[in-house]
Amino acid sequence: MSSRNNYERSDSSDSRKPHKRRGCLKSLILLLILLMIIKGFFIDFFKIPTGSMEKTLLIGDYIAINKLSYKFSTPHNIPLTNIDIPHIDLFNIKKPENNDVIVFEFPGQLNEYYPPYPFNYIKRVIGKPGDTVEIKDRKVYVNKVLLPNPPGNVFNTEIIGKGKKDPKLFSLGKSWNIDNYGPIRVPKKGDKIELTRENIGCWGMLINRELERKTVSTEGSVITIGGKPVKNYTIRKDYYFVLGDNRENSMDSRYWGFVSSDSILGKALIVYWSWDPFISIFNFNNLYKSIKWDRIFKTIH
């Protein structure tokens, strides 16, 4: 009798194992779905890959961004992947302010309708829609008011003098460089801009992106959109001018233009982790020593 009872107990225990495994699997699936919802609609995470925001943000910082800072929208990509999907902005909460640190979808270089593959940038908002931005000897002015440089900003090279043109910049045909740039008005929805042979190289790609097709061309002295001659164009979206805090080493609006409001993913909140990303994960001892404990949970200003 005792032997049979032991057998029955053992058999019952074995029969419960598949149920436990199914329960664990269901829990993992629910957890994954919850994580995808949170990442898709509320909080996202971003790794700092370059030094363009030093010393506000460092290479190897991992940050959290609030996707509800400015709007509530459907996900821009499939959560936990870099696969872009069509999204809809459902409603606005508020607009970005100057000095906000934002994460956004990179629009592409001057000659790119879209970048070769999707990736995100993080920069500081310097100019809102309708603002006029000007840089004079590295000093930034917004609507003629001096905007202090970010704390800890260090310059290691001499200032490039006014009038020394950098052909790589978004310059609207002007003789601008990274240290003496503008004045330039940040376009807002409804603005009517004059199109010329000198500035169409910069405005043309923005227009193509707004109309979602390559439609701008120049034929002799005539500029056409969709084959029709035009002299001006009415802006359809709000835009922002952004700079990196490391002004000497940042690919920002000076190089590729403006950030559209619908490409903004959220506002940077905190640094939740920071270490040296160049150390192999298999070199655990040195990797552990590289952790920047003083940066963990640091608020981003």
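The values are calculated or read from the model by the stated rules, or taken from the named source; none is laboratory data. Bear in mind that the values here come from a model prediction, so they are computed numbers and not experimental data. Note: ideal-geometry Cβ built from the backbone for every residue, glycine included; neighbour counts use all protein chains shown. The protein model used for the area step is the full one, side chains on, heavy atoms only, and it has no ligands, DNA or RNA in it. Shrake-Rupley method; radii C 1.70, N 1.55, O 1.52, S 1.80 Å.
Of the residues in region 247-272, how many are surrounded by 20 or more Cβ atoms within 10 Å (Cβ to Cβ), assigned to a loop (DSSP other than H, G, I, E, B) and within 16 Å of the chain's Cα centre (by Cα)?
Going through region 247-272 one residue at a time, the tally reaches 4.
For region 273-293, how many residues are in contact with a helix residue (DSSP H, G or I) (Cβ under 6 Å, 6 or more places away or on another chain) and either under 30 Å from Gly182 (Cβ atoms) or not in a strand (DSSP E or B) (or both)? Don't jump to the end; show me each part of the working.
If we filter region 273-293 for residues that are in contact with a helix residue (DSSP H, G or I) (Cβ under 6 Å, 6 or more places away or on another chain), which is where we start, we get 274, 279.
Narrowing further to those that are either under 30 Å from Gly182 (Cβ atoms) or not in a strand (DSSP E or B) (or both): 279.
Residues in region 273-293 being in contact with a helix residue (DSSP H, G or I) (Cβ under 6 Å, 6 or more places away or on another chain) and either under 30 Å from Gly182 (Cβ atoms) or not in a strand (DSSP E or B) (or both): 1 in total.
So that you can scan it fast, the table gives a plain yes or no per residue for (1) farther than 26 Å from Arg247 by Cα; (2) touching a Lys or Arg at 6+ places or on another chain (Cβ under 7 Å); (3) in contact (Cβ under 8 Å) with a residue 60 or more places away in the chain; (4) not polar (S, T, N, Q):
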site: Thr132; (1), (2), (3), (4): no, yes, no, no
site: Arg138; (1), (2), (3), (4): no, yes, yes, yes
site: Tyr141; (1), (2), (3), (4): no, no, no, yes
site: Thr157; (1), (2), (3), (4): no, no, yes, no
site: Ile160; (1), (2), (3), (4): no, no, no, yes
site: Gly182; (1), (2), (3), (4): no, no, no, yes
site: Leu206; (1), (2), (3), (4): no, no, no, yes
site: Glu210; (1), (2), (3), (4): yes, yes, no, yes
site: Gly220; (1), (2), (3), (4): yes, no, no, yes
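Of the residues Asp294, Asp262, which single one is at negative phi and either in contact (Cβ under 8 Å) with a residue 60 or more places away in the chain or among the hydrophobic types (A, V, I, L, M, F, W, C) (or both)? Write out each step before concluding.
On the way: Asp294 fails: either in contact (Cβ under 8 Å) with a residue 60 or more places away in the chain or among the hydrophobic types (A, V, I, L, M, F, W, C) (or both).
The conditions single out Asp262.
How many residues are of a type outside the set (D, E, K, R) and either farther than 18 Å from Trp256 by Cβ or part of a strand (DSSP E or B) (or both) when one looks only at region 197-242?
Residues meeting the conditions: 22.
Of all residues being in contact with a Pro (Cβ under 9 Å, 6 or more places away or on another chain) and either surrounded by 16 or more Cβ atoms within 10 Å (Cβ to Cβ) or among the aliphatic types (A, V, I, L, M) (or both) in region 49-61, which is nearest to Ile281 (Cα to Cα)? Just the residue, please. Let's see the steps before the verdict.
As a first pass, look at region 49-61 and keep what is in contact with a Pro (Cβ under 9 Å, 6 or more places away or on another chain): 49, 53, 55-56, 59-60.
Right, trim to either surrounded by 16 or more Cβ atoms within 10 Å (Cβ to Cβ) or among the aliphatic types (A, V, I, L, M) (or both) and you get 53, 56, 59-60.
Numbers: Met53: 25, Thr56: 25, Ile59: 16, Gly60: 13 Å.
In this case the residue turns out to be Gly60.
Listed here are the residues, each with its yes/no results for (1) touching a Ser or Thr at 6+ places or on another chain (Cβ under 8 Å); (2) at pLDDT below 95.
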| residue | (1), (2) |
| --- | --- |
| Thr74 | no, yes |
| His87 | yes, yes |
| Leu110 | no, yes |
| Phe119 | no, yes |
| Asp131 | no, no |
| Lys136 | no, no |
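Under 7 Å between Cβ atoms, at least 6 apart or on separate chains: pull out the pairs that start in region 34-51 with a residue that is closer than 22 Å to Leu90 by Cβ and end on any residue that is open to solvent by 40 Å² or more (accessible area, probe 1.4 Å) and of a type in the set (Val, Ile, Thr).
Listed by first residue and then by second, the contacts come to nothing, as the list is empty.
Give the residues of region 35-48 that are crowded, with 19+ Cβ neighbours inside 10 Å and either farther than 15 Å from Arg124 by Cα or among the small types (Gly, Ala, Ser) (or both), sorted by residue number.
Those that are crowded, with 19+ Cβ neighbours inside 10 Å and either farther than 15 Å from Arg124 by Cα or among the small types (Gly, Ala, Ser) (or both): Gly40, Asp44.
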